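The values are calculated or read from the model by the stated rules, or taken from the named source; none is laboratory data. Computed from a predicted structure; not experimentally measured. All Cβ positions, glycine included, derive from the backbone under ideal geometry; neighbour counts span all protein chains shown. Accessible surface areas use protein heavy atoms only, side chains included; no ligands, DNA or RNA. Shrake-Rupley method; radii C 1.70, N 1.55, O 1.52, S 1.80 Å.
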Amino acid sequence: MNRSSMQTRGFTLVEVLVALVITSLLVSILMGSLYYLFRVEDSLRDEIVVRESELRSKAWFGEIVGGCLPAEGGSGSEFVGRARELVCDTVAPLRPQEITAPQRITLSLQRGKDGSTELTYREQGGKPGQAAIIAVFPEGDFQFVYVGIKKNELDTWPLARKDPETLPRRVLLRIKTRQHGDVEWMALLRADPWLEPIFKNPFGIDPGPQ
């Protein structure tokens, strides 16, 4: 057997270059996949944060407005609602209190400096101009809607002076956007003590106002 045939054959320069090119392609594909994976992860994380913030703000709205108390007109504690502002005495203020007592609060829809709409919260007795921003909506039309016992939707509250309703049954924050259509945040209010209770049949079905 020849000595030359026993010697180990090495790689040629062309083979080494081909191997380097294939390795570079594999690394590029792997890095691209990892980059895409990280982008998707960041996007999902941001979406979760935004969604969680929205759910928290929606829960705050329902809790604050749901705690509004009924009061007769002219008492200074009555529920007053407009299309872009809501004022009431609530037992569920956003800021915790040492003693549980009704707190006069104002919820407002205000335009931000960047053109967005801010849902702000302010307590009576707070510093002028100091309000907490509960939610920020980048675009769309917003207003409060008040639903009475007859299921009629109104832009203002209270009703006529002779009407015994002092609280709406529901308060809606209606959001109209181009991208997502109409969205509503809803707060259910307690039954008005000055109204006669609605009859319910034995099967638990509420027939609603007659």
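I need the calculated FRET efficiency for the pair SER108 and TYR35, taking r as the beta carbon distance and R₀ as 45 Å, to the nearest 0.05.
0.55
So, with a 1.4 angstrom probe, what is the percent of accessible area on segment 50-115 that is carbon and sulfur?
49
Given a Förster distance of 30 angstrom, what is the FRET efficiency for LYS151 paired with LEU44, based on the Cβ-Cβ distance and rounded to 0.05?
For R0 = 30 Å, the calculated efficiency reads 0.15.
To one decimal place, what Kirkwood hydrodynamic radius in Å is obtained for segment 82-190 from all pairs of distinct Cα atoms?
The answer is 15.3 Å.
Give me the log10 of I(q) over I(0) for segment 11-135 at q = 0.11 Å⁻¹, as the Debye formula computes it from C-alpha points; what are the numbers?
Those come out to -0.57, one per q.
How large is the accessible surface per residue of segment 44-156, computed with a 1.4 Å probe and reported in Å² as a whole number?
In whole numbers, segment 44-156 has 59 Å² accessible per residue.
Can you list the aspartates and glutamates whose alpha carbon sits under 18 Å from that of LYS113, skipping same-chain ones fewer than 8 residues off?
The reachable aspartates and glutamates, counting only those whose Cα sits under 18 Å from LYS113, are GLU139, ASP141.
Can you tally the net charge around GLU139? Count Lys and Arg as +1, Asp and Glu as -1, for every other residue whose Cβ sits under 15 Å from the Cβ of GLU139.
0
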